[in-house]
Amino acid sequence: MINLTINGKAVQIERDKTVLDAIRKAGVDVPTLCYHKDLTGYGSCRLCQVEVTQKGRTRLVVSCLYPVAEGLEVKTHTERVEKNRRLLVELLSARSPDSKVLQKMAKEYKIEKPHFRLKSEKCILCGLCVRVCSEILGANAIGFAGRGTSKKIEVPFKEAPEDCLGCGACTYVCPTGAIQMESEARKRWALYLSSGDRECRYSRMGLISHKVCPNAFQCQRCEVDQRLEETLGTHPAFVAKPFSKLQPIRIDQFQIQPNRYYTAAHIWVKPLNGKFRVGVDDFTAKFVGRIDNIKAERAFSNNKPICELVIADRILPMYMPFSGEVVEINRLTRSVPSLSVNDPYQQGWLFSIKADNREQALERLLSPLKATALVKQHSEKLHQRLSKELGITMTDGAGNLVNNIPALLKEEEWNTLTREFFKPMV
Amino acid sequence: MRQVNNVAAFQSWQDELMKSRNPNARIIIISSGTCGIANGSKFIIEALTEQIRKHNLDSQVSLRVTGCLSFCQIEPLIEIQPESILYTGVKPEDVPEIMEQTIKNKKIIERLLYIDPVTGKKVTYADEIPFYNKQSRIISGDNLKIDPTKIEDYISIGGYSALAKALSTMKPEAIIDMIKKSGLRGRGGGGFPAGVKWESCHKAHGDLKYVICNADEGDPGAYANRGLLEGNPHSVLEGMIIGAYAIGSNIGYIYIRDEYPLAVELFENAIKQAEECGLLGRNILGSGFNFVMNINRGGGAFVCGESSALMASLEGKIGEPRAKYIHMVERGLYDRPSCLNNVETWANIPLILNKDVDWFTKIGTGDVTNNPWGGSKGTKIFSLVGKVNNTGLVEVPMGITLREIVYGIGGGIRGNKRFKAVQTGGPSGGCIPDKLLDLQVDYDRLTEAGSMMGSGGMIVMDEYGCMVDVACYFLNFLREESCGKCVPCREGIERMWEILNDICEGRGQKGNIELLMELSEMVKDSALCQLGATAPNPVLTTLKYFYDEYEAHIKEEKCPAGVCKALIHYTIDEVSCKGCGACVKSCPGEAISGEKKKPHKIDQERCIKCGVCIDTCKFESVKIIPGRHPSVKKELVNV
Ligand SMILES: Cc1cc2nc3c(=O)[nH]c(=O)nc-3n(C[C@H](O)[C@H](O)[C@H](O)COP(=O)(O)O)c2cc1C
């Protein structure tokens, strides 16, 4: 727990919170426009700015992003802060004079008429809609386009986005009513979905089982829809959180990425432009701890390794469950082999390969779910072999796997273990 | 090219290459960076190659195509060695004569010599020209000595020996300590001590760290980084490899703006060559250290030069800055510890390692022995442009006065006009007036004056520059280049520009200056990144040093410098006008009339103040008068 003061009042709060969380906890009201508790902080409206003092140094920060720190003194309504806030509200009021939220704020700050020429933008570019669409839905159907004064919210290429679920979470979070959901639009977007299926927005989000819309997407008239929204007390997207299902899966010390295939010999495989991109999975990465050299072969099959990982004087041959050839070597891992260990799923990929028989290859790959089960099984076995049978302490103080397994094993033990976990399959 | 797998092999190769340099060799050097090429250097190279062949001089004369030699104004330029004869404004047609006269008969061609704008005298040798000999070209000077496409050239002047030394004899901590002690501060922005940044990044947790070179160079009119990348790419690369080794990073990026295709090409080539030689890639010089370099092209947004926006852009996201309460050295590119430095900062590294800390700290101001913030050390390359006689890239020791740059190196103001101000630090820098001409140029003095070092833009303005107009120009640039994320920057700068534009267009009102001040304070305080936080600088400095000019625009309704069209008018001087009718014919608005041989008149309603008549009149009879013509009414703003 962290101790800090808000306007002189002591507050205790968890380490990973922001100053805004602490301010709210203290029951103090500071205005915000771009903040939502379930979304990452963005810091664009600057209204939540406060003065913080630490070690005798005072500065202005935005509280929605500033991490709490021990002994921090926060002042939420100093003259300087209030002056800045007032001018910010004045600027926004001149941009969107018709917005109800801003009219209310302007009134609180006793702004009768902004000093600037009035515009008539509805959108204040707070980015809540963009964030909810990417962070909660994982859809990324809308984003920012342009910059400076011509910046705006757009759909990609100004066309009805295929990735839009029609869920309406963007309209729900919009503070100014700039984004409106049209049932027509929802219908049209639905047609763009590959299935062409008139699937209900909630079933599309995975909140309820498959349901076809009986109402031409007039959600206000739909009983199921309205009932759900009432009982949840928030937009259903925040409950369903479809994007969280696309996050990496943790199994003990290991991670499995959901958006790719795996082999039983701990290689990940991702179809890409008619080829496959491959790399080692996190189990391999943690098992070897570092790589000094990667010896690649051109042609490989299920009994001829695709490459050998060299770790000091240990060698680990990696096998694929099908035959094919390597068509490209990642130039990053060629120069920096340990990249495959430090960033196995992204920059540390190994090769682009072509399978001799693509269909067959695809059949022999494991889904992330199956890979998860396999890693679980192997994790337990590894524990069994190392700690119980060989008496090796497997984890460090922080619970991470030790990163020098190859060095801890005798050559024979190494060979047995690697055969067990990375053996070629038939 | 040779492959070297250890330090000894490298050193023997370097010895060979150094010995092969003959100081008495006859070499024709031609400046062929982007500016040289634009001025036709390629045609001259063609002509020179042909002539050398024709005269059968292949064995006696060689051609060296270099990057930019900094003196843009006299391009295309060639320098003939060993004497260092400098020819300017060379055309392909001049080449046969150069061969015949200078190369074969050792005669100087007077016509091609540089004429000093101050003395009016012709100068034969490069080192006799004040533009060159008043500089301290410790970094940019090497451009002359090498062909940037050849790694051998770079190695032959001592290149990569700093890397060899670092890898074979120095611990990372020792290198960091050395850079800290050198007092080297970032050349691209805020002047943060490089060694301190490296140390934090070195200490940050993580197996994967990045070093990044900022070659976005988005300031209008600045091209010092381009000059280095095109002239000596290996020096930047060497600095980065050393930095990566010190920090513990194995992956590097260089973010080059797409408008620099030649720099991209040359840097790509440099990476390829260094890899082939064993100076980059896996197990560099047998040290066990691996480092791989990537090139990324920036799309040309000014804000993408800002560190967090640059990293977002590298990740393929939109170039928006983010709050840096957690520093980039801890969580930068892909949320991993990242060390970003400017091109010129990186290029300083090999120099410091080779020449040592004492040598470096002798150049510059202050004392950095115990505090890297204690002064400004080394040199800085400025893009000197505007109304000076000599424009180009100038490398000067920190602490040189503005006067020495403008009058000594720059040769003073063009056309014998009066100096008015110099704008430093790029669009969000400030304007420094003549009373501060003796200001010592370093990080802290420039900041105190309300401006900044930035990445080294230096725009000189004469008495015909209107300061309100200048502020308006920069705010317009910033308004368009703001990423638009945070409200103070997006809305605040736009409104500041709106007010300035109103003032320039004759709609100034009481209260404008106060509102500008208020907005400036708020934007400085509240903006998310340094683009916004520094954007008020042009306004604040012009208000501070040229307040009268604002008042003249608003209260007296005139533009004293004669720039803002709404606040001036044109008249024809009845005494000197000969009634020749030249202006009548040239006026695009048909605003001038009059009988032949009688003084002409301007119809104020039709006059668009384009200035064509001024250029046409041989008798200087057309005058710009500050203030509206009595017949023109003030336009009102409706807020
Ligand atoms: C709007 C903006 C634009 C910038 N553009 C550049 C640039 O073009 N080149 C550069 O090196 N630094 C630029 N900077 C500074 C960088 O953010 C950063 O401080 C610098 O690259 C760090 O390197 P240095 O310490 O070596 O100077 C810019 C900063 C801002 C706020």
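The values are calculated or read from the model by the stated rules, or taken from the named source; none is laboratory data. These numbers come from a predicted model, not from an experiment. Here the Cβ positions follow ideal geometry from the backbone for every residue, glycine too, while neighbour counts run over all protein chains shown. Areas reflect the complete protein model, heavy atoms only, side chains present, ligands, DNA and RNA absent. Shrake-Rupley method; radii C 1.70, N 1.55, O 1.52, S 1.80 Å.
Consider region B:178-199. How many of its residues are away from the ligand (no atom under 12 Å from the Cβ) and in contact (Cβ under 8 Å) with a residue 24 or more places away in the chain? Can you show your working first?
Start the filter on region B:178-199 by keeping residues that are away from the ligand (no atom under 12 Å from the Cβ), which leaves B:178, B:180-183, B:199.
The next check asks that each one be in contact (Cβ under 8 Å) with a residue 24 or more places away in the chain; those that pass are B:178, B:180-183.
Of the residues in region B:178-199, 5 are away from the ligand (no atom under 12 Å from the Cβ) and in contact (Cβ under 8 Å) with a residue 24 or more places away in the chain.
Residues in region B:318-358 that are within 14 Å of chain A (Cβ to nearest Cβ), under 17 Å from B:Ala215 (Cβ atoms) and not in a helix (DSSP H, G or I): B:Gly319, B:Ser338.
Quick check on region A:122-159: of everything there that is more than 24 Å from A:Asp98 (Cβ to Cβ) and open to solvent by 40 Å² or more (accessible area, probe 1.4 Å), which residue is modelled with the highest pLDDT? Applying the filter and picking the extreme gives A:Glu135.
Has region B:266-288 got any residue that is within 16 Å of the ligand (Cβ to nearest atom) and outside the structural domain of B:Phe382 (by TED's automatic domain parsing)? Within region B:266-288, one or more residues are within 16 Å of the ligand (Cβ to nearest atom) and outside the structural domain of B:Phe382 (by TED's automatic domain parsing). Annotation note: of B:Leu515, B:Leu540, the sole residue that is within 14 Å of another protein chain (Cβ to nearest Cβ) and open to solvent by less than 50 Å² (accessible area, probe 1.4 Å) is B:Leu515.
Yes or no, residue by residue, for (1) more than 16 Å from the ligand (Cβ to nearest atom); (2) touching a strand residue (DSSP E or B) at 6+ places or on another chain (Cβ under 6 Å); (3) modelled with pLDDT of 95 or more:
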position: B:Phe419; (1), (2), (3): yes, yes, yes
position: B:Ser428; (1), (2), (3): no, no, no
position: B:Leu439; (1), (2), (3): yes, no, yes
position: B:Cys466; (1), (2), (3): yes, no, yes
position: B:Tyr473; (1), (2), (3): yes, no, yes
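Scanning region B:239-253 for residues that are in a helix (DSSP H, G or I) and open to solvent by less than 10 Å² (accessible area, probe 1.4 Å), we see that the one that is farthest from the ligand (Cβ to nearest atom) is B:Ile241.
Of all residues in region A:50-72, those satisfying the criterion of being in contact with a helix residue (DSSP H, G or I) (Cβ under 6 Å, 6 or more places away or on another chain) and either within 8 Å of chain B (Cβ to nearest Cβ) or of a type in the set (Ser, Thr, Tyr) (or both) are A:Leu60, A:Ser63, A:Tyr66.
Take residues that are away from the ligand (no atom under 16 Å from the Cβ) and tell me which of the helices (runs of 4 or more DSSP H) falling wholly in region B:516-581 contain 3 or more. Even if it seems obvious, please write down each step before you answer.
On the way: elements: B:530-534, B:537-545, B:547-554.
In region B:516-581, B:537-545, B:547-554 are the helices (runs of 4 or more DSSP H) which contain 3 or more residues that are away from the ligand (no atom under 16 Å from the Cβ).
Considering only residues of region A:109-152 that are charged (D, E, K, R) and within 28 Å of B:Gln509 (Cα to Cα), which is farthest from the other protein chains (Cβ to nearest Cβ)? Here the answer is A:Lys110.
Do you know which residues across region B:598-639 are outside any loop (DSSP other than H, G, I, E, B) and either open to solvent by less than 70 Å² (accessible area, probe 1.4 Å) or within 14 Å of chain A (Cβ to nearest Cβ) (or both)?
Residues of region B:598-639 that are outside any loop (DSSP other than H, G, I, E, B), as a first pass: B:601-602, B:612-616, B:622-626.
Passing the criteria: B:Ile602, B:Val612, B:Cys613, B:Ile614, B:Thr616, B:Val622, B:Ile624, B:Ile625, B:Pro626.
When region B:254-289 is filtered for residues that are touching a Lys or Arg at 6+ places or on another chain (Cβ under 7 Å), over 25 Å from B:Gly188 (Cα atoms) and buried (at least 23 other Cβ atoms within 10 Å of the Cβ), nothing remains.
One residue alone among B:Asn341, B:Asn354 is open to solvent by less than 20 Å² (accessible area, probe 1.4 Å) and either in contact with a Cys (Cβ under 7 Å, 6 or more places away or on another chain) or over 24 Å from A:Leu60 (Cβ atoms) (or both), and that residue is B:Asn341. Which of the residues that make up region B:99-133 are touching a residue at least 24 places away in the same chain (Cβ under 8 Å), over 28 Å from the mean Cα position of the chain (by Cα) and crowded, with 18+ Cβ neighbours inside 10 Å? Answer for region B:99-133, where residues must be touching a residue at least 24 places away in the same chain (Cβ under 8 Å), over 28 Å from the mean Cα position of the chain (by Cα) and crowded, with 18+ Cβ neighbours inside 10 Å: B:Met99, B:Ile103. Residues in region A:60-99 that are closer than 16 Å to A:Thr32 by Cβ and of a type in the set (Lys, Arg): A:Arg85, A:Arg86.
Output the residue which, of all residues in region B:290-317 that are in a helix (DSSP H, G or I) and open to solvent by less than 20 Å² (accessible area, probe 1.4 Å), is nearest to the ligand (Cβ to nearest atom).
Initially, region B:290-317 is screened for residues in a helix (DSSP H, G or I), giving B:302-305, B:307-314.
Keeping just the survivors that are open to solvent by less than 20 Å² (accessible area, probe 1.4 Å) gives B:303-304, B:308-312, B:314.
Numbers: B:Val303: 5, B:Cys304: 8, B:Ser308: 8, B:Ala309: 8, B:Leu310: 7, B:Met311: 10, B:Ala312: 12, B:Leu314: 13 Å.
Filtering first and then ranking leaves B:Val303.
Does A:Glu389 satisfy being modelled with pLDDT of 90 or more and surrounded by fewer than 17 Cβ atoms within 10 Å (Cβ to Cβ)?
Numbers: modelled with pLDDT of 90 or more: no; surrounded by fewer than 17 Cβ atoms within 10 Å (Cβ to Cβ): yes.
No; evaluated as a whole, the condition is false for this residue.
Tell me which residues, restricted to region B:185-226, are within 14 Å of chain A (Cβ to nearest Cβ) and either of a type in the set (S, T, N, Q) or open to solvent by 30 Å² or more (accessible area, probe 1.4 Å) (or both). Within region B:185-226, B:His205, B:Gly206, B:Asp207 meet the criteria.
Do you know which residues across region B:211-221 are under 16 Å from B:Gly298 (Cβ atoms) and more than 8 Å from the ligand (Cβ to nearest atom)?
Here is the first cut: in region B:211-221, the ones under 16 Å from B:Gly298 (Cβ atoms) are B:212-220.
Result: B:Ile212, B:Cys213, B:Pro220.
Among the residues of region B:414-435, the one identified as open to solvent by 10 Å² or more (accessible area, probe 1.4 Å) and within 16 Å of B:Gly392 (Cα to Cα) is B:Arg414. When B:Leu144, B:Leu163, B:Leu229, B:Leu167 are checked against the criterion of being more than 14 Å from chain A (Cβ to nearest Cβ), within 16 Å of the ligand (Cβ to nearest atom) and not in a loop (DSSP other than H, G, I, E, B), a single residue qualifies: B:Leu229.
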